[in-house]
Amino acid sequence: MRTIELLSEEVTVAPNESGYELNSVGAYQDPLTQSRGVPLCRLATQLTALRRKLAQPRKKIYIVEDHPAFREGLAQVLNDAGDLTVCGTAGAVNQALPAIARTKPDLVLADISLPGRSGLRLIKELRSVVRSVKLLVISMNNEACHAARVLRSGGDGYIMKQEDPDEIVHAIHDVLAGRIYVSEEVMERPRGGGRSRV
């Protein structure tokens with residue numbers, strides 16, 4: 001019986017209906033014809049590390065946005081990010097507050113302009129009840145005074161709706177990591193600064 005050794009260490013992760021699936025892609029070679037080879041134990045170690053990483057729970061995001069098409073688009077982008085999952089959505093503050101208390105998200109992504117009560121009111125009410133949740137405001141308004149009000153009210157960041165979807169995901173990761181995020185466009189308006197990632 002001849003032994004075959006695995007040469008490739010390439011491992012891919014593919015999303016499927018039940019979560020994520022590990023696929024190892026390898027080239028095999030007969031050691032009788034060529035002596036080069038990669039020990040299987042190294043690949044097994046890498047697969048174990050990747051499985052542990054994938055086993056970590058996704059961060060839960062709750063979206064408060066009154067435009068259904070934009071809300072659904074955001075949900076799709078965040079669910080596709082790999083380590084994020086949308087645990088609920090609402091179009092108004094009065095719908096959002098009880099659902100947020102029930103779902104216990106890691107981060108609330110809220111529009112600043114909502115029917116009835118504003119996103120600023122949502123931040124204040126949430127902060128009085130749930131201090132640990134991160135709050136990122138998403139807005140069409142690029143004026144620095146609005147971002148400053150969000151931060152003073154207890155928000156953790158302010159991002160423009162016009163940002164690339166990847167940048168919105170990046171902003172969420174920044175805020176989840178404990179940093180303050182403000183869109184570059186907002187920072188440039190008053191004084192020409194760069195994106196704020198403290």
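The values are calculated or read from the model by the stated rules, or taken from the named source; none is laboratory data. Since the structure is predicted, the reported quantities are computational estimates derived from the model, not experimental observations. In this analysis, Cβ positions are derived from the backbone assuming ideal geometry, glycine residues included, and neighbour counts consider all displayed protein chains. Note: accessible area is taken over every heavy atom of the protein model, side chains too, but ligands, DNA and RNA are not part of it. Shrake-Rupley method; radii C 1.70, N 1.55, O 1.52, S 1.80 Å.
Heavy atoms only, probe 1.4 Å: what % of the accessible area of segment 80-198 goes to carbon and sulfur, would you let me know?
48 percent
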Exercise for the section: Provide the per residue accessible area, probe 1.4 Å, for segment 50-145, rounded to a whole number of square angstrom. Expected result: 51 Å²
Problem - Those residues of segment 130-168 whose amide nitrogen sits under 13 Å from the label point placed on E185, 7 Å along Cα→Cβ - result: 138-144, 159-165, 167-168
Handout entry: Accessible-area value, M187, 1.4 Å probe, nucleic acids and ligands omitted, Å²
Key = 40 Å²
Problem - For segment 137-190: rounded, prolate or oblate by the Cα gyration tensor [a/c cutoff 1.5] - result: oblate
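For E125 and K104 in one chain, what is 0.36 nm times their gap in residues minus the Cα-Cα distance, to one decimal in nm? Mind showing how you got there, number by number?
On the way: separation 21, 0.36 × 21 = 7.56 nm, distance 1.47 nm.
Gain in length upon complete extension: 6.1 nm.
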Problem - Percentage relative contact order, segment 94-162, counting C-alpha pairs under 8 Å, at least six apart - result: 32 percent
Handout entry: Cross-link reach list, lysines versus K104, counting only Cα pairs under 16 Å and skipping chain neighbours closer than eight places
Key = K59, K60, K134
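Would you mind classifying segment 77-121 by shape? Square roots of the alpha carbon gyration tensor eigenvalues, ordered a ≥ b ≥ c; an a/c under 1.5 is rounded, otherwise it is prolate if a/b is larger than b/c and oblate if not. Walk me through the numbers on the way to the answer.
Values: a/c = 2.58, a/b = 1.66, b/c = 1.55.
Prolate.
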